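Trainee: This is the structure, below, for whatever I ask next.
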Amino acid sequence: MVDAADWDSEIINIVRKYALQNAVEYDGAGQSGSVLGRILGERPDLRSKARELKQLVDIEVDDANFMAQDKGIEEVRELLESTNPEALNRQKQVKRTGLKELPNAKKGEVVLRFAPNPNGPLTLGHARGVTINSEYSKIYEGKVVLRFDDTDSKVKPPLEEAYKWIEEDYKWLTGRDPDIIIRASERMEIYLKYARELLDNGFGYVCKCSAEKFKKLRDESEECPCRKNDSKKNLSDWNEMIKGELDEGMAVVRVKTDMNLPNPALRDWPALRIQHTPHTMVGDKYKVWPLLDFQSAIEDHEQGVTHIIRGKDLMDSTRKQKLLYKHFGWKYPETLYWGRVKIYEYGSFSTSGMRKEIENTNYSGWDDPRLPTLRALRRRGFNPDAMKDFWLDLGLTQKDISVSLQTIEAFNSSKIDSMCERRTFVRNPHKIQLNDENLPVERKLVLNKHPLNEIKGYREWDLGNLEIFIEEKDIDNEQIRLKDFADIKIKDSKGIIQSIERTDKRQIVHWLPKTIAKKAVLTIPKGNEIIVQEGMMEDIQIMENNIVQLERVGYARIESSNEEVIKLLWLHG
């Protein structure tokens, strides 16, 4: 737990300003998620410390809400006016998409593509490509091609189920199907046809040099001896390749370029190689497979792609493909780039790495809540529109950025808060018996489903024989306030009701009457760990798959409920 002393006065004042502002706007029911989002909007440099900052936000929001409830909203307003008067006239930000205009784009003519490798389902990183391409297609009334780049069966072998998963992930995130779906492995004849044309026209050649020998020649700007072969010799060598008469590594097809190009990677780059490893979907029908730069370039031409949006680490791919297009006399698509985005909490997860860990049973599957897959985030209850808003707000920038998952969680809170009913979850419950002094005759408590009444309706608590549960950590406090009910004094596991009205600034705790309490288990993913918290939950209108806000705990999705237990999966705070 952080202390205010851990932060400098400037940050404390910013947090306090937005906590007071939120309390004024929401009549003493300010929300930490909303406050955190406003702070990070003003101070994006604090995003890397969002998790620690959230603890300070919780403290200030509780204090601001208590002041509003204890002394009235006007007192909070006066305090805010004396410290930050501009915060009383908050201007709602104009929503921007973060997307600049596409160069040379005409409505109805734009064709974009999203091209994942189907060696696993989509991840949080893939969501950027899905979102931005889909959004541009809407703006320009164009099309998006979902292309499965699945021609590498050795290093990144396709996973049969992943094709369907990726289509589902795409639709979940965008709300619609892709306009065109293509599997590269089903279009091998097209790539082989263009390879033969490359050799026949003298734009390329079959190179039988070892990788080491060619690299030495390339680095010294010297031509490979194979480059001098005529088309008849190249086609003869090509036939040996496609018939499987040569082993892997014995030959590649290279695209002829200038051997004096400043960038060695562009000099006579490899387009196709021998690959005898059977393909998941095609088997061993083909012995020669295109490398990604060749396959992707050919397919972009075939589909009439007008704009390519890719990571800046693929700039060399653009340069290689432009040289290939020049050979064929084609016009290369407009190309835009983005920088890397690192999500702190997920480190350096890769699809191949996750697949290996799942196969080793270190994770329960692709929807294990510790993973950054869209299947895992969807299972936890993330809203697809929140994810889209995050990527669109970030925009199309070549700057490398590191952010915390807390930033995405703030976007998610703004989307789901008004749709989430409140429920009470008491962890590590301790039972106490209340007395009935100072208690109204009607032993019922009526609570809103949502503090701002954005969800109509009520939850009715029957207090029964006044047996209640509070969290074990709260039992050490001699005097506490049962939230929305009464001030009590605790002695020997008994609760003496002192007042129904709030009388002082004692700690507010959440609690549950035994009559509506049901055993519940909350599963929390934290780094590589799974934390399980057991307790008692308010058993009123529990519906599987609903997302609820567990008061003073956080958002969670109800995974299942039966007569014995409610199972919850943590979403975020």
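Trainee: Against the definition (over 26 Å from residue 368 (Cα atoms) and either touching a Leu at 6+ places or on another chain (Cβ under 9 Å) or aliphatic (A, V, I, L, M) (or both)), how does residue 523 come out, yes or no? Before the answer, list the steps.
Mentor: On the way: over 26 Å from residue 368 (Cα atoms): no; either touching a Leu at 6+ places or on another chain (Cβ under 9 Å) or aliphatic (A, V, I, L, M) (or both): yes.
So residue 523 fails the test.
Trainee: Kindly indicate which of 512, 568 is modelled with pLDDT of 95 or more, part of a strand (DSSP E or B), over 29 Å from the mean Cα position of the chain (by Cα) and surrounded by 21 or more Cβ atoms within 10 Å (Cβ to Cβ).
Mentor: Numbers: 568 fails: over 29 Å from the mean Cα position of the chain (by Cα).
Being modelled with pLDDT of 95 or more, part of a strand (DSSP E or B), over 29 Å from the mean Cα position of the chain (by Cα) and surrounded by 21 or more Cβ atoms within 10 Å (Cβ to Cβ) holds for just one of 512, 568, which is 512.
Trainee: Can you name the number of the only condition in (1) loosely packed, with under 13 Cβ neighbours inside 10 Å; (2) assigned to a strand (DSSP E or B) that residue 497 fails?
Mentor: Unmet condition: (1).
Trainee: Between 190, 181, which is of a type in the set (A, V, I, L, M), farther than 24 Å from residue 250 by Cβ and more than 25 Å from the chain's Cα centre (by Cα)?
Mentor: Step by step, each of 190, 181 is checked, and only 190 is of a type in the set (A, V, I, L, M), farther than 24 Å from residue 250 by Cβ and more than 25 Å from the chain's Cα centre (by Cα).
Trainee: Restricting the search to the stretch 108-142, which residues are without any contact (Cβ under 8 Å) to a residue 40 or more places away in the chain and either of a type in the set (Lys, Arg) or part of a strand (DSSP E or B) (or both)?
Mentor: 138
Trainee: State which residue is farthest from residue 82 (Cα to Cα) when the search covers only the stretch 8-33 and only residues that are hydroxyl-bearing (Ser, Thr, Tyr) and modelled with pLDDT of 85 or more.
Mentor: Taking the stretch 8-33 first, the residues hydroxyl-bearing (Ser, Thr, Tyr) are 9, 18, 26, 32.
Now drop any that are not modelled with pLDDT of 85 or more, which leaves 18, 32.
Working: 18: 14, 32: 23 Å.
Only one residue fits best here, namely 32.
Trainee: Let me ask something additional. Restricting to the stretch 297-332, count the residues that are hydrophobic (A, V, I, L, M, F, W, C) and within 23 Å of residue 178 (Cβ to Cβ).
Mentor: We begin by selecting, within the stretch 297-332, every residue hydrophobic (A, V, I, L, M, F, W, C); these are 297-298, 305, 308-309, 314-315, 323-324, 328, 330.
Cutting the leftovers down to within 23 Å of residue 178 (Cβ to Cβ) gives us 297-298, 305, 308-309, 314.
So the count comes out to 6.
Trainee: Hey, another quick one. Quick check on my filter: what residues within the stretch 261-305 are within 14 Å of residue 324 (Cα to Cα) and in a strand (DSSP E or B)?
Mentor: 270, 271, 272, 290
Trainee: Could you say which residue among 191, 170 is of a type in the set (Phe, Trp, Tyr), under 17 Å from residue 298 (Cα atoms) and crowded, with 18+ Cβ neighbours inside 10 Å? Break it down into steps so the answer makes sense when it comes.
Mentor: On the way: 170 fails: under 17 Å from residue 298 (Cα atoms).
So the residue among 191, 170 that is of a type in the set (Phe, Trp, Tyr), under 17 Å from residue 298 (Cα atoms) and crowded, with 18+ Cβ neighbours inside 10 Å is 191.
Trainee: For the condition more than 21 Å from residue 531 (Cβ to Cβ) and not assigned by TED's automatic domain parsing to the domain that holds residue 548, what is the one hit in 384, 369?
Mentor: Values: 369 fails: more than 21 Å from residue 531 (Cβ to Cβ).
That would be 384, the only listed residue that is more than 21 Å from residue 531 (Cβ to Cβ) and not assigned by TED's automatic domain parsing to the domain that holds residue 548.
Trainee: How about the stretch 401-426: which of its residues are in a helix (DSSP H, G or I) and basic (Lys, Arg)? Lay out the reasoning, then the answer.
Mentor: Our first condition is that a residue be in a helix (DSSP H, G or I); within the stretch 401-426, this holds for 405-419.
If the condition is that a residue be in a helix (DSSP H, G or I) and basic (Lys, Arg), then 415 is the only one that fits.
Trainee: Sticking with this structure for a sec: What are the pairs, 6+ residues apart or on separate chains, where a residue within the stretch 314-332 that is in contact (Cβ under 8 Å) with a residue 24 or more places away in the chain and farther than 17 Å from residue 263 by Cβ has its Cβ under 8 Å from a residue that is among the charged types (D, E, K, R) and buried (at least 17 other Cβ atoms within 10 Å of the Cβ)?
Mentor: Qualifying pairs under 8 Å: 327/256.
Trainee: I would also like to ask the following. Is it the case, given these coordinates, that residue 314 is among the aliphatic types (A, V, I, L, M), part of a helix (DSSP H, G or I), modelled with pLDDT of 95 or more and over 25 Å from the mean Cα position of the chain (by Cα)? Break it down into steps so the answer makes sense when it comes.
Mentor: Working: among the aliphatic types (A, V, I, L, M): yes; part of a helix (DSSP H, G or I): yes; modelled with pLDDT of 95 or more: yes; over 25 Å from the mean Cα position of the chain (by Cα): no.
When the stated conditions are applied, residue 314 does not pass them.
Trainee: On to the next question. Of the residues 446, 403, which is of a type outside the set (Asp, Glu) and surrounded by 18 or more Cβ atoms within 10 Å (Cβ to Cβ)? Show your work before the answer.
Mentor: Details: 446 fails: surrounded by 18 or more Cβ atoms within 10 Å (Cβ to Cβ).
Testing whether each residue is of a type outside the set (Asp, Glu) and surrounded by 18 or more Cβ atoms within 10 Å (Cβ to Cβ) leaves just 403.
Trainee: Further question: What tally of residues in the stretch 525-561 results from selecting those that are at pLDDT 95 or above, surrounded by 16 or more Cβ atoms within 10 Å (Cβ to Cβ) and either assigned by TED's automatic domain parsing to the domain that holds residue 32 or β-branched (Val, Ile, Thr) (or both)?
Mentor: 3
Trainee: I would also like to ask the following. Name, by its number, the condition in (1) without any contact (Cβ under 8 Å) to a residue 40 or more places away in the chain; (2) not in a strand (DSSP E or B) that does not hold for residue 489.
Mentor: Of everything listed in (1) without any contact (Cβ under 8 Å) to a residue 40 or more places away in the chain; (2) not in a strand (DSSP E or B), residue 489 misses just condition (2).
Trainee: For the stretch 427-451, which residues satisfy the criterion of being at pLDDT below 95 and assigned to a loop (DSSP other than H, G, I, E, B)?
Mentor: Residues satisfying the conditions are 435, 436, 437, 438, 439, 440, 441, 442, 443, 449, 450, 451.
Trainee: Hey, can you tell me all the residues within the stretch 245-275 that are free of Cβ contacts under 8 Å to residues at least 60 places away in the same chain, over 26 Å from residue 185 (Cβ atoms) and charged (D, E, K, R)?
Mentor: Hits for the stretch 245-275 are 258, 267.
Trainee: Can you name the residue in the stretch 81-107 that is part of a helix (DSSP H, G or I), among the polar types (S, T, N, Q) and surrounded by fewer than 11 Cβ atoms within 10 Å (Cβ to Cβ) and, of all such residues, is modelled with the highest pLDDT?
Mentor: Per the criteria, the residue is 82.
Trainee: Go through 60, 78 for me and flag whichever is in a helix (DSSP H, G or I) and over 30 Å from residue 394 (Cβ atoms).
Mentor: 78
Trainee: When the stretch 143-201 is examined, which residues are found to be outside any helix (DSSP H, G or I) and among the small types (Gly, Ala, Ser)? Even if it seems obvious, please write down each step before you answer.
Mentor: Within the stretch 143-201, the first condition is being outside any helix (DSSP H, G or I), and the residues that meet it are 143-161, 175-183, 201.
Selection gives 153, 175.
Trainee: Can I ask one more? Among (1) in contact (Cβ under 8 Å) with a residue 12 or more places away in the chain; (2) in contact with a Ser or Thr (Cβ under 9 Å, 6 or more places away or on another chain), where does residue 561 come up short?
Mentor: If we test residue 561 against (1) in contact (Cβ under 8 Å) with a residue 12 or more places away in the chain; (2) in contact with a Ser or Thr (Cβ under 9 Å, 6 or more places away or on another chain), just (2) comes out false.
The values are calculated or read from the model by the stated rules, or taken from the named source; none is laboratory data. As the structure is a computational prediction, the values presented were derived from the model and not from experiment. When we count neighbours, we look across all protein chains shown, and the Cβ atoms used for this are built from the backbone with ideal geometry, even at glycine.
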